[in-house]
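Trainee: Take a look at the following structure, please.
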Amino acid sequence: MAMVNQNTIINYFKGYEKFYFLGGSTSWANIRGLLVNNIEGLHLYEEENYNSPRVDVWGISDKNLFLESNAVLKQQTKPFFAVIQTAGNHRPYTIPAEDKPFFKTVHFSEDSLKHNGFESNDELNAFRYSDYCFQQFFEAAQKENYYKNTVFVFVGDHGILGTAPASFPNAWNEGALTRLHVPLLFYSPNYLTPQKISSVCSQVDVLPSIASLMGIGYKNSSTGRNLFDTHRVHDTSSFLQSAFNYNADENRAGLMGNQYYYEIALSTGEEKFVSMLNNNPVPVTEETKKWKAEAKAFTKAIYKTSAYLLLNNKRK
């Protein structure tokens, strides 16, 4: 019951219409209850609310999800906060028949796929199809009035387990960190200057950052931070540029920084301290010993705080 009474920064967007678009159904894991009860005045769109046909277990295709979402958003006369949740890059990796004449699949050797973190050509093409769907959405959205006044944010809900030696050191696979690695992109040609920021952040940082970017006042009762805070951006030596993670399957918690990763098994106390940049052992210096000790304290503190907030983050 606590999960359907949570404070969320989305509710501080006063005067905004709120939308959540999903190609399938929110009946699993009480997602519908979580969304509708926590987000004030939410307009929830599921597979039965669209004209497009269902293509697999995930509902309508991502392309049609984007186009149907655009059809709703272009009619809005008020500001809006909208989430469009795609699913096409999940198994069974469906490429809809209607898109096959326009989207061309590619095929690589098994060695090449494994080297770059893919287990099959089907998986690779499903990710490529996601890019195709983004393209179709933006080609449609650019024709609408809302486009020039909108900040678009791309973020993944999770990554994929597996090795990707062309891109990541061994620690990413051994610590199952690839399942946590997702892109984060803020896009708004009229308001944002293109730049690449190579620092660690977390999904919990997304909402505070969006609100801050839009000039929305809010009370943040989570562990997330504003990624556009100038102090955070320039302070590369502290834990302001780090991300907490928790592996529920193995009851392990960790802290990822720009250089190092610390992890502790909460049931046994077993620790791991590895480099995020290469396969070399972390050198034992006063600096690394200090980082490890602080990371241990920080990891335990965030774990305890997060557990507390699950039951003590009620809407006011």
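Since every read-out is calculated from the coordinates, none of them should be taken as a lab result. This one's a predicted model, so the numbers in the text were calculated from it and none came from an experiment. In this analysis, Cβ positions are derived from the backbone assuming ideal geometry, glycine residues included, and neighbour counts consider all displayed protein chains.
Trainee: Restricting to DSSP loop positions (anything but H, G, I, E, B) with no more than 14 other Cβ atoms inside 10 Å of their own Cβ, which GluC sites (Glu not before Pro) remain in segment 225-301? Working shown, then result.
Mentor: Details: sites: E250, E263, E270, E271, E286, E287, E294; in loops: E250, E270.
In loop regions of segment 225-301 (DSSP not H, G, I, E or B), the sparsely surrounded GluC sites (Glu not before Pro) are E250, E270.
Trainee: Let me ask another. With only Lys, Arg, Asp and Glu charged, each at its Cβ (+1 for the first two, -1 for the last two), find how big the charge dipole of the chain is about the Cα centre; round to the nearest 20 debye.
Mentor: 1100 debye
Trainee: Moving on. With each pseudo-label sitting 7 Å past Cα toward Cβ, what's the K219-K272 distance in nm, one decimal?
Mentor: 3.9 nm
Trainee: A further question on this structure: Taking the chain as a Gaussian network, where each spring joins two C-alpha atoms under 10 Å apart, which residue of G88, G254, G33 fluctuates the most?
Mentor: Highest fluctuation of the listed residues: G33.
Trainee: Only Lys, Arg, Asp and Glu count, each charged at its Cβ (+1, +1, -1, -1), so figure out the dipole size of segment 86-156 about its Cα centre, rounded to 20 debye.
Mentor: Roughly 220 debye for segment 86-156.
Trainee: Explain nothing, just the number: relative contact order of segment 259-308, from Cα pairs under 8 Å at least 6 residues apart, as a whole percent.
Mentor: Rounded, it is 28 percent for segment 259-308.
Trainee: State, to one decimal in nm, how far the label point of N116 lies from the label point of Q75, with both points 7 Å from Cα in the Cβ direction.
Mentor: Taking the two extended label points, one gets 4.1 nm.
Trainee: Normalised by the number of residues in segment 2-239, what is the relative contact order in percent for Cα pairs under 8 Å and 6+ residues apart?
Mentor: 17 percent
Trainee: Of L73, L42, G15, which is farthest towards the positive pole of segment 1-86's charge dipole, taken about the Cα centre with +1 and -1 on the beta-carbons of Lys, Arg and Asp, Glu respectively?
Mentor: G15
Trainee: Below 8 Å between Cα atoms, with a sequence gap of 6+, how large is the relative contact order for segment 180-299 in percent?
Mentor: In percent, rounded to a whole number, it is 16.
Trainee: Have a look at Y129, T94, H231 and report the one farthest towards the positive end of the charge dipole of segment 2-239, computed about the Cα centre with Cβ charges (Lys/Arg +1, Asp/Glu -1).
Mentor: Result: H231.
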